[in-house]
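K.L.:
This is the structure I want to talk about, given as structure tokens.
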Amino acid sequence: MSEHRVGEHHVPTVTSITVTDHAGAERLCTARDDLVAESAGTQQAGDGPSTVTHFSLAHGPFTAWDRTVDVRPLASASADDSVEVTETISFRLALPVWHVMFTPLVRRAVVRPAAQRRSLWWLTPDRLDAVTAAALSRLCMLSMAAGYLGTLLTQTNTFAKAQFASSDTALSTMLASVRLAALLALGVVAIADRRGRRSVLLWSAVAACVLAATGALVPDLAWLGISQTAARTASTAMAIVIGIYAIEEMPAGSRAFAVSVLAMTGALGAGMCVAVLPLADIGPGGWRLLYLVPLLFAPAVWRQASKLGETRRFQASGPAAAAKSHTAAPPVRRTRAERSANRRRFVLLAASAMLLALFTTPASQLLNEYLRTERGYSALTITLFTLLTNTPGVIGIIVGGRLADTRGRRVVGAVAIFGGVAFTVAMFVATGSWIWVWSALGAVIGAAAVPALGVYGPELFPTASRGSANGGINLAAVSGAVVGLLTAGLLSDALGGLPPAMALLALGPLVVVVLIVVAYPETAHRELEDINPTDRPPPAPSPSPAPPGAP
């Protein structure tokens with residue numbers, strides 16, 4: 001691959017030379033409609049008897065695209081009229097930051113036949129325009145930051161407890177009080193329904209980084225709880241609005257895919273927090289350094305969030321949409337039946353979130369204690385166990401996101417929850433090496449539920465109440481987490497261990513499987529306006545290949 005400069009940017013260029021017949025040359029001289037849609041070709045005479053056809057970008061995730069096909073007869077052509085075709089493709093992806101990773105993949109893909117597009121697992125099921133591709137790329141950067149912020153207190157609380165010589169009761173009280181952030185975040189995301197997604201996302205992201213850093217200065221455990229309640233409020237609102245933004249911007253056939261890549265980058269951010277955890281061992285206050293790390297990526301968070309525009313759906317259906325134009329259609333009022341339907345959807349999703357958290361929260365947060373006390377694992381063994389059995393979950397996220405978009409959300413979500421919970425219970429009950437096997441299987445299968453079910457919250461509510469509804473669902477999940485932790489402790493003491501307690505708590509997710517099968521609607525391939533008729537259709541995406549503020 002060669003590169004040449006256009007303005008200040010490097011533009012990858014792929015050149016291939018093919019010897020074919022005139023029919024093959026004619027196919028290469030036809031506008032593409034696969035990874036990219038090209039405009040009609042313009043033909044001109046080349047050197048000597050050759051002809052040169054130029055194609056430019058009509059639609060696709062590129063800020064620059066140029067394809068030139070030079071056809072000339074072979075000097076030694078025989079009766080078969082063979083020709084030599086030189087195809088030169090120059091492109092620049094509309095993927096801020098992530099273009100470094102995807103440019104080599106696209107370089108190989110652009111020279112493949114269109115029929116092989118389905119084999120490109122990393123490609124969205126729908127072809128994105130440049131604006132949407134750039135927005136998803138920026139959201140993934142913000143999701144990384146949210147992942148780090150979301151796991152920061154979890155990773156460091158034991159070190160803070162040691163430095164402040166606090167009791168287990170004080171630590172538990174502090175961790176429980178921080179969950180108040182879910183209620184406070186509900187108020188923040190409600191603002192996004194009135195003021196827009198962009199502004200709330202921008203300010204909550206920056207506030208989360210700055211407020212998290214205050215944890216490095218706290219004098220005791222109580223102040224750590226206060227500072228991180230404020231930080232968790234902002235980071236929770238940030239994570240919720242990221243998901244809403246992605247769902248509102250993505251095409252109907254790629255929304256679960258977007259949730260899957262956001263989940264992966266969020267997990268990457270959480271992994272970064274684990275990677276810098278050894279800083280806590282440099283001294284009694286070493287854990288404080290982890291709270292300063294968000295200040296390092298705060299400028300990048302500001303830059304990426306500030307380059308996002310408002311979502312097209314909020315512009316079309318938000319409360320200020322009618323006021324922006326005297327010719328705009330009056331807002332559509334919801335009927336009593338529609339309001340009742342929205343309430344039923346909220347109860348359905350909130351109940352599901354609570355029932356899932358009853359099991360998933362104690363299963364994750366009590367696992368290390370279980371492995372250490374009941375299975376005799378050392379700290380090093382627990383670390384290896386976590387890395388080796390949880391990392392394969394990325395496979396489940398990728399496959400689950402694609403299947404949820406192509407095969408439907410309900411079947412993927414139901415199978416993923418049932419399989420993930422069953423293998424997780426088996427892990428708690430098993431002994432020896434089988435603990436590792438069941439844990440890995442539970443991670444892979446259970447992870448598929450993240451994109452399959454993660455789309456429902458933003459999909460099932462109108463634009464005007466999407467933020468408030470998702471904030472309420474998050475609050476229900478946090479409530480279920482608290483109840484699950486308390487119940488797991490009580491059952492463990494009463495039944496003689498965590499395995500039977502987790503087996504009983506698994507009844508919660510099994511109820512969710514039933515709800516998915518009998519009550520969840522299928523939303524794959526449906527536009528949000530079809531799911532929520534009171535929303536106005538969004539304006540058509542701009543065919544321009546260059547998004548605002550493209551790098």
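K.L.:
So for the chain, taking the charge dipole from beta-carbon charges (+1 Lys/Arg, -1 Asp/Glu), which of Asn390, Gly243, Leu485 sits furthest toward the positive end?
P.N.:
Leu485
K.L.:
Show me, bin by bin at 10 Å from 0, the whole-percent P(r) of the chain based on Cα pairs.
P.N.:
Final binned percentages: 3, 16, 25, 24, 16, 9, 4, 2, 0, 0.
K.L.:
Nearest 20 debye, what's the magnitude of the dipole of the chain about its Cα centre given +1 on Lys and Arg Cβ and -1 on Asp and Glu Cβ? Don't skip to the end; give the middle numbers.
P.N.:
Values: 43 positive and 34 negative charges, 324 e Å.
Result for the chain is approximately 1560 debye, rounded to the nearest 20.
K.L.:
By per-residue mean of other Cβ atoms within 10 Å, what is the highest-first order of 173-179, 445-451, 513-519?
P.N.:
On the way: 173-179: 17.6, 445-451: 27.1, 513-519: 14.6.
Sorting 173-179, 445-451, 513-519 by mean packing, highest first, produces 445-451, 173-179, 513-519.
K.L.:
When you count, for each residue, the other Cβ atoms within 10 Å and take the mean per peptide, how do 383-391, 241-249 rank with the highest first?
P.N.:
Averaged packing, sorted descending, gives the order 241-249, 383-391.
K.L.:
Using label points projected 7 Å from each Cα along Cα→Cβ, tell me how many nm separate Gln44 and Leu74, to one decimal.
P.N.:
2.9 nm
K.L.:
Compute the Cα gyration tensor for the stretch 392-485, then decide on rounded, prolate or oblate, letting a ≥ b ≥ c be the square roots of its eigenvalues: rounded whenever a/c is under 1.5, prolate when a/b is larger than b/c in the other cases, and oblate in all that remain.
P.N.:
Numbers: a/c = 3.23, a/b = 1.53, b/c = 2.12.
Oblate.
K.L.:
If you don't mind, another one. State the answer as a single residue: which of Ile417, Val36, Thr68 lies farthest towards the positive end of the charge dipole of the chain, with beta carbon charges of +1 for Lys and Arg and -1 for Asp and Glu, about the Cα centre.
P.N.:
Going by the charge dipole, the pick is Ile417.
K.L.:
Relative to the compact globular guide of 2.2 N^0.38 Å, what is the alpha carbon radius of gyration of the stretch 128-319, as a ratio? Could you put the intermediate results ahead of the total?
P.N.:
Numbers: Rg = 17.2 Å, N = 192, 2.2 N^0.38 = 16.2 Å.
Against the empirical 2.2 N^0.38 Å value, I get 1.06 for the stretch 128-319.
K.L.:
Where q = 0.17 Å⁻¹, what log10 of I(q)/I(0) comes from the Debye formula for the stretch 351-508, counting one point per Cα?
P.N.:
Values returned for q = 0.17 Å⁻¹ are -1.03.
K.L.:
Arranged from highest to lowest average of other beta-carbon atoms within 10 Å per residue, in what order do the peptides 20-26, 233-239, 499-505, 137-143 appear? It would help to have the intermediate numbers written out before the result.
P.N.:
Values: 20-26: 13.4, 233-239: 27.7, 499-505: 19.4, 137-143: 24.6.
In decreasing order of mean packing, 20-26, 233-239, 499-505, 137-143 become 233-239, 137-143, 499-505, 20-26.
Where a number appears in this text, it was derived from the coordinates with a stated rule and is not lab data. A quick note: this is a predicted structure, and the numbers were derived from the prediction, not measured. Positions of Cβ are backbone-derived with ideal geometry, glycine not excepted, and every protein chain shown enters the neighbour counts.
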